[in-house]
Amino acid sequence: MSKLVLEGLVKRYGGTAVVKDLDLALHEGEFVSLLGPSGCGKTTTLRMIAGFMDPTEGSIRMNGELLSSASGSTPPEKRGMSMIFQSYAIWPNMTVGENVGFGLAVRRQPKAEVRKRVAEILEIVQLGHLIDRYPAELSGGQQQRVALARAIVVRPQVLLLDEPLSNLDANLREDMRNEIRRLHDEFGMTTVYVTHDQSEAMAISDRIAVINEGRLEQIDSPWALYNRPRTRFVAEFIGRTNLVEGVLQDSHIQCEGFSITADAFEANGKRAGSPVAVSIRPQALQLHAEQPLHDRSATPVVIRRRTYLGEHWDYVVSPLSSSTELRASAPPAAAFEQGGRAWMSMNRDGIAVLP
Amino acid sequence: MPALLTRMPALLVSKRRFHLDLTAVGFLLLIAVLVFLVANPIIRMVVESLTGADGSISLERYAQAFGRSRYVQALWTTLYLGMTATAFSLILALPMAWGVSRTNMPFRGFFNLSVLAAFIMPPFLGAIAWILLAGPNAGWLNRVWMDVFGGESGPFNLFSFWGLAMVIALYAFPLVYIFTKSALDLISTELEDAAFIHGAGRLDTLRRVTLPLVLPAICGAAILVFLESIALYGTPVLIAIPARINVATTQIATFFEFPLRVEVAAAYAMPMLATTVVLLVVQRLLLSRKGYVSVSGKGGERRPLDIGPWKWLLAAYCGLIAAITVVVPLVTLLQTAFSRAWGRGLSLDNLTLDNFKAILFEQATVRDAIINTMVYAGSAAMACVVIGVAVAYVTQRRLLPFPGVIQFLALAPFAVPGIVLAVAFYAAYAGPPFSLYGSGLLIIIAFVTRFLPISATAATAAVRSLNPELEEAVRIIGGSRYTALSRVVVPLLSKTLFGSFILVFIIATRELSTAVFLTGPNSRVMSVLILDLSEQGSYEELAAIGVVMLVVTTAVVALGMKFVGRDFMTRR
């Protein structure tokens, strides 16, 4: 049975719908990210799950029990969830220990028990020595750990995170990301994670729900989202891609100046002769100095521009007889001169026909 | 209002399905309190003014209020007085604000402090000091003049229109100073440097860059000073009545003499109320003009402008202001309070503590008034803080429908002059069914209403600066809204709340115009008592009461500065 189920969720302010008919089901212990550009409704969805807002239509259930509907909602404090906020929301008038112990104290746990569990969780997030400090004396990363400890110590049914890393600097961000995932794996909490950063979502999630303009575009594993995007928005929003138009034939897709062989894609139920849009990841394009022996479908191309990025080359190439420009990513060793010729072949992974 | 009230139960019912939020009941109570404190008195006053002698709706009270040329003349006099006092205030405040904020004038810290002292000084105490200083014949300044130049009389006559306007300005100008200095403090030196580099001289820069930038603030402050001047009661009673000048507030007071004509007073108060409302709207528009975004507090260093030898002239001018607003009046009050007879001047055999002994230990009326003042001001300040924070929280967190209405009710008393509020409270609660006349409770609730805008504004700013996520963090982890309020919101706001408690307390201890029609024999406060005693002419005891009042006020201000911050009274 699913742990948390969102069904036909709608949120309207006046006439404008911020969340439109959203369906989502999380399994017990699953880590799901809500990913989308700012203003797409992902935070609104999270706040409805938390109980800070009532949905206009639809429902939210946890363990089969109705939590939210248009006619009323269980208040946040009765949901057994916990949340990590963008600002961390560490109470500045309480010490680290008081912050972390707060949830246990309002649950009327015995004092000794509170002390023990606070000490335990602070050890886990490596803040044991800071138990009597006030938040103003902590660094951003330490505050983040306090927020994590405070949220986890109550063993929540569902852990909610609202862009928790957006206020940290880049190298700390990766550490905290790993920390969050580690704690998730250790405690097995069902987790909903809101972010607008796709690499963050890819790195941390079991599944990612891509949301755009209040609608769920696609929910899938990071690998499937990247390599098998099902909408144009997902293809463009997740990573970089070449979006090309073509016509589906029996054995290939004919694009302007080149073709994609049938074994490189799934037709997605399209009929031969119909126009299709194809997403080709730059990593799916390989450049060769000579025509590859095993791949007769390789296309001769001109190198238009190139950029060296240290970890890889970024090429912009055009098939010989065409003005179509394609981005291709190549290893540092694969150096081609600007204006020179090369042969371009394709990988099956990273090419998707969009519906 | 009716729409508001009918929606309220629906709100409760929809929540009840899962959980009855008890705090919602508390907030319903808040609406009731606001209606009682604000809406009802004002509505009752308007209704009374429109009620004829036979109980029907009629304009006969207005005919009585504006039927005599003497009554109408008082309104015109008030208008001229307000404008004159405002002009004086600008002349006093602007050079000083510029000098302290922008230039290398010496003694800037002292001058700043002297304005704060003038701000704290109750205007009627200043007026009494100035009667002692510049009263015709007997005033100190006149006697010094006669000693030096000879002659039968001195040139100063405080009991005149100009004397009245000047004394009002002496204790109203701090408002202009505070507004202007705050605006000047926000202008970066780079703006002036830019004018210099493009060829403007110092005077040109002041006239064409600096002044236009702070003009909205100056105009806004001028409006406030005008409104305060026309609503003042104590100073006119002390100075205008002997000078045979009739102003609006003293005229309203005559309607409360025998035969009591509250309805006429209500009608007569309407022009004042309307003027205040209109001017406050204008002030708000002026201060919210977006064209002056450069006053933003960002952008580069600020260094004082070197004005060369002019700094000594400016310092002399500011010194003169400090002398006539604070130093000389204070010395005069102290000298009088410790004298057997104030006219005999400074000599050892004139020195005595009898006045303090009399007021503190012998005269029950004075002692009671001091106790009353402390109790009323303390209770009112406490209630203001509680209601203010409730209003701020409810409106900022949108816990009830129509937050705008709640906010409006809490801030509306700001647009009601104190004496008009006194009329309104008399009309609403003096008689049955409440029959509160003469009780301390009536004065406390009138004070609460009068000062609620101060505490509500401060609390609103404070709540707005609190990230709602701090409260949401409490809720999601299992705490109720009440837990969030008591464990997070109130502790975090405690400093601000303490600051507004002290501010309201200080202002309430000297409030006169609201109290004047509402006090009975057993509920007199110090300010009213001082006014009563001034009619008997016992200036020595009067000054002693004033000194007690100033000592208490100064101690409380010092307390506020220590715990809340040096600028807690003048923060904008």
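Laboratory data are not the source of any read-out in this text; all were calculated from the coordinates shown. Here the structure is a predicted model, which means the values were calculated and not measured. Cβ placement follows ideal geometry from the backbone for every residue including glycine, while neighbour counts extend to all protein chains displayed.
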(request) Rank these for me by crowding, B:LEU94, B:LEU503, going from fewest to most other beta carbons within 10 Å. (result) B:LEU94, B:LEU503
(request) Using only Cα atoms, find the angle between the long axis of helix A:111-124 and the longest principal axis of chain A, and express it within 0 to 90 degrees, rounded to the nearest 10. (result) 20 degrees
(request) Post the alpha-carbon centroid distance, the stretch B:142-188 to the stretch B:46-82, in whole angstrom. (result) 33 Å
(request) Please give the FRET efficiency for B:ALA558 paired with B:ALA200, using the beta carbon to beta carbon distance and R0 = 35 Å, rounded to the nearest 0.05. (result) 0.20
(message) Under 8 Å for C-alpha pairs, at least 6 residues apart: give me the relative contact order for chain B, rounded to a whole percent.
(response) 19 percent
(message) Based on C-alpha coordinates, I'd like the Rg and Dmax of the stretch B:353-572, in Å.
(response) 19.7, 67
(message) Can you compute the label reach from A:SER321? Point 7 Å from Cα along the Cβ direction, backbone N cut-off under 18 Å, restricted to the stretch A:274-288.
(response) none
(request) Over all alpha-carbon pairs of the stretch A:240-354, lay out the pair-distance distribution in 5 Å bins, whole %, shortest bin first. (result) 2, 13, 23, 25, 19, 11, 5, 2, 0
(message) For the stretch B:179-279, I need the span (max minus min coordinate) of the C-alpha atoms along each principal axis, in Å, sorted largest to smallest.
(response) 70, 28, 17
(message) Could you check the spin-label model distance between A:ARG348 and B:LEU28? Points 7 Å from the Cα along Cα→Cβ, value in nm.
(response) 6.8 nm
(message) Rg and Dmax in Å for the stretch A:2-235, alpha carbons only: what are they?
(response) 17.7, 56
(message) Please compute the modelled spin-label separation between B:ASP147 and B:ARG367, points set 7 Å along Cα→Cβ, answer in nm with one decimal.
(response) 3.8 nm
(request) Grab the beta carbon distance between A:ARG271 and A:ARG296, set R0 = 30 Å, and tell me the FRET efficiency rounded to 0.05. (result) 0.70
(request) Using a Förster distance of 56 angstrom, determine the FRET efficiency expected from the C-beta separation of A:GLN157 and B:ALA341, and round it to 0.05. (result) 0.10
(request) Note down the nm distance, to one decimal, between modelled labels 7 Å out along Cα→Cβ at B:LEU353 and at A:GLU174. (result) 7.8 nm
(message) Along its three principal axes, how long is chain B when you only count alpha carbons? Whole Å, largest extent first please.
(response) 89, 71, 48
(request) Note down, for the protein assembly as shown, the three equivalent ellipsoid semi-axes (square root of 5 times each alpha carbon gyration tensor eigenvalue), biggest first, whole angstrom. (result) 71, 34, 27
